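Right, one structure below, let's go through it.
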Amino acid sequence: MSEQSPEMEIVHLLRKVTVEFGLRQAEFARRHSMHPTDVRALICLLDAERAGTDATAGWLGAQLGLNSAGTTAVMDRLGRLGHLTRTRDPRDRRRTLLAVDPRAVELGRSFFGPLIEDTVTVLRDFDESETAAVRRFLSAAHQAVTSIA
């Protein structure tokens with residue numbers, strides 16, 4: 001077996017983590033009668049809420065790379081499952097805002113909670129500079145991946 005540089009070792013570890021996380025997302029989708037894109041949509045909506053971003057159908061479609069018909073299909077599936085709420089924007093009644101239903105948040109927490117807790121536990125053992133380095137690396141890796149598209 002050939003030696004690999006420390007940088008490539010980290011790249012391969014990151015790949016392993018992302019592949020495993022993708023498998024967990026697919027398992028969550030399967031167990032709860034969802035399409036993998038539905039799970040991605042829920043993640044986008046949760047991220048939008050954390051960022052204080054208004055999530056509309058157009059915004060969600062752009063995040064998922066879907067046309068309006070595909071976005072409507074995702075929203076309809078999530079709505080039928082009770083995972084999506086749609087409310088009129090109080091500032092602009094022509095717009096409909098999307099959000100993840102609290103029951104869907106709990107469903108996700110019951111499945112992904114142990115993974116999140118284990119990850120947080122690991123990070124709590126890092127000092128401030130190590131945490132900053134991890135954040136800097138993951139931010140740069142995310143930027144590299146998104147710049148490909």
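The values are calculated or read from the model by the stated rules, or taken from the named source; none is laboratory data. It should be emphasised that the depicted structure is a prediction, and the values quoted were computed from it without experimental measurement. Please note: Cβ atoms are built from the backbone with ideal geometry, for glycine as well, and neighbour counts cover all protein chains shown. Note: accessible area is taken over every heavy atom of the protein model, side chains too, but ligands, DNA and RNA are not part of it. Shrake-Rupley method; radii C 1.70, N 1.55, O 1.52, S 1.80 Å.
Quick one: Leu123 ticks every box in (1) open to solvent by 60 Å² or more (accessible area, probe 1.4 Å); (2) among the aliphatic types (A, V, I, L, M); (3) out of contact with any Ser or Thr (no Cβ under 7 Å at 6 or more places or on another chain); (4) within 24 Å of Phe21 (Cα to Cα) bar one, so which box is it?
Failed condition: (3).
For residues that are open to solvent by less than 90 Å² (accessible area, probe 1.4 Å) and within 30 Å of Ala104 (Cβ to Cβ), scanning just the range 4-22, find the one that is farthest from the chain's Cα centre (by Cα).
Ranking the candidates gives Leu14 first.
Can we say Ala144 is surrounded by 13 or more Cβ atoms within 10 Å (Cβ to Cβ) and aliphatic (A, V, I, L, M)? Quick ask: steps written out before the conclusion?
Numbers: surrounded by 13 or more Cβ atoms within 10 Å (Cβ to Cβ): no; aliphatic (A, V, I, L, M): yes.
Here the answer is no, as Ala144 does not meet what is asked.
Anything in the range 46-64 that is surrounded by fewer than 12 Cβ atoms within 10 Å (Cβ to Cβ) and under 15 Å from the mean Cα position of the chain (by Cα)? List them, or say none.
Quick first cut of the range 46-64, residues surrounded by fewer than 12 Cβ atoms within 10 Å (Cβ to Cβ) only: 50-52, 58.
Arg50, Ala51 - these are the residues of the range 46-64 that are surrounded by fewer than 12 Cβ atoms within 10 Å (Cβ to Cβ) and under 15 Å from the mean Cα position of the chain (by Cα).
Going through the range 65-105 one residue at a time, which ones are open to solvent by 30 Å² or more (accessible area, probe 1.4 Å) and within 15 Å of the chain's Cα centre (by Cα)?
Across the range 65-105, the qualifying residues are Gly65, Ala99, Val105.
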